[in-house]
Amino acid sequence: METSSSRPLKLVLATVAMLLALVIAFYIGRATAPTNSGSELPSSIDQADSDSSATPDSAALAPNQPTYSESQTDENLVRLLTEQPRRDADDPRALGDVNAPVVMVAYEDFSCPMCTKFFLETYPHLKEYVDAGKLRIEFHDLVIFPNYGSNFAAHGSRAAAEQGKFWEFVETAYRVAGAGNHPQYTAESVVEIAEKAGVPDLEKFRETMDSPETAEAVNAESAHAMQKVGIQGTPFFIVNKAVITGALPVEYMTNTIDKQLEEAGQ
């Protein structure tokens with residue numbers, strides 16, 4: 001059932017999608033080299049395959065176009081957004097100071113090409129904010145491509161997290177995926193990723209990955225993202241009071257973080 005707090009988010013997402021379409025259209029028009037995806041960009045976050053929003057990472061931000069995502073002002077929406085960070089000091093799926101002034105809640109699917117693009121192109125730049133104590137990144141599962149086996153990878157990431165190797169697993173998975181189409185996973189390939197990522201106890205990894213509790217946790221987090229928060233596509237980011245959909249250029253992402261830091265008095 002749609003809640004009163006999720007309805008304003010969907011309205012905001014429609015507006016955000018329209019603004020981002022202007023930004024993306026400019027980038028695509030300026031691109032001089034073809035991309036691998038060949039797919040058109042979504043016009044709304046409600047499209048499950050929002051990962052088709054490929055944009056040139058080197059494109060300059062255009063004059064008179066949005067250069068960052070504005071903070072939301074609707075009281076119910078702001079409450080919903082600020083409820084999503086876990087802020088758990090012992091969270092193995094989070095990176096950065098638990099008290100960092102800005103938290104980026106990242107909703108990702110391991111079979112999403114634009115999640116791969118974000119991790120390979122944008123994430124390295126965000127680590128500078130993490131290392132400076134300004135940003136905390138929290139990974140949240142949003143499995144929308146189980147037909148490509150992304151649920152196996154999500155289960156594997158949690159099994160790796162239990163052995164303190166979550167981010168190593170994520171980095172290895174996305175690097176193995178590479179650019180292009182939806183990467184596919186099997187239980188066997190996920191174990192291979194874990195081995196490459198340095199997970200020490202592969203037998204325990206398999207047990208955790210295959211456990212009903214792990215599947216339930218992944219399903220519950222995905223359902224929460226879709227039903228409570230109202231998200232239907234990946235990647236999707238909540239940055240304090242701002243929302244970003246798609247793998248937008250690095251500058252757009254860092255500008256949004258900088259704006260949230262400014263609003264936080266940093």
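The values are calculated or read from the model by the stated rules, or taken from the named source; none is laboratory data. Note that the structure is a prediction, hence the values are computed from the model and not measured. Glycine also receives a Cβ, built like all others from the backbone with ideal geometry; neighbour counts cover every protein chain displayed. The accessibility values were calculated without ligands, DNA or RNA, using every heavy atom of the protein model including side chains. Shrake-Rupley method; radii C 1.70, N 1.55, O 1.52, S 1.80 Å.
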> Taking interchain pairs and intrachain pairs at least six residues apart, which have beta carbon atoms under 7 angstrom, with the first residue in region 157-181 and more than 16 Å from PRO124 (Cα to Cα) and open to solvent by less than 40 Å² (accessible area, probe 1.4 Å) and the second assigned to a loop (DSSP other than H, G, I, E, B) and among the acidic types (Asp, Glu)?
Replying inline: GLN163/ASP201
> Taking region 105-144 on its own, how many of its residues are open to solvent by less than 20 Å² (accessible area, probe 1.4 Å), farther than 16 Å from THR172 by Cβ, free of Cβ contacts under 8 Å to residues at least 60 places away in the same chain and not β-branched (Val, Ile, Thr)?
Replying inline: 2
> Within region 205-227, is even one residue within 18 Å of LEU120 (Cα to Cα) and buried (at least 18 other Cβ atoms within 10 Å of the Cβ)?
Replying inline: no
> Which condition number in (1) open to solvent by less than 50 Å² (accessible area, probe 1.4 Å); (2) part of a loop (DSSP other than H, G, I, E, B); (3) at pLDDT below 95 is the one that SER58 fails?
Replying inline: (1)
> Identify, please: which residue in region 75-96 is surrounded by fewer than 16 Cβ atoms within 10 Å (Cβ to Cβ) and of a type in the set (Asp, Glu) and is, among those, farthest from THR256 (Cα to Cα)?
Replying inline: ASP90
>> Can you confirm whether ASN255 is within 26 Å of LEU135 (Cβ to Cβ), touching a residue at least 40 places away in the same chain (Cβ under 8 Å) and crowded, with 22+ Cβ neighbours inside 10 Å?
In response: no
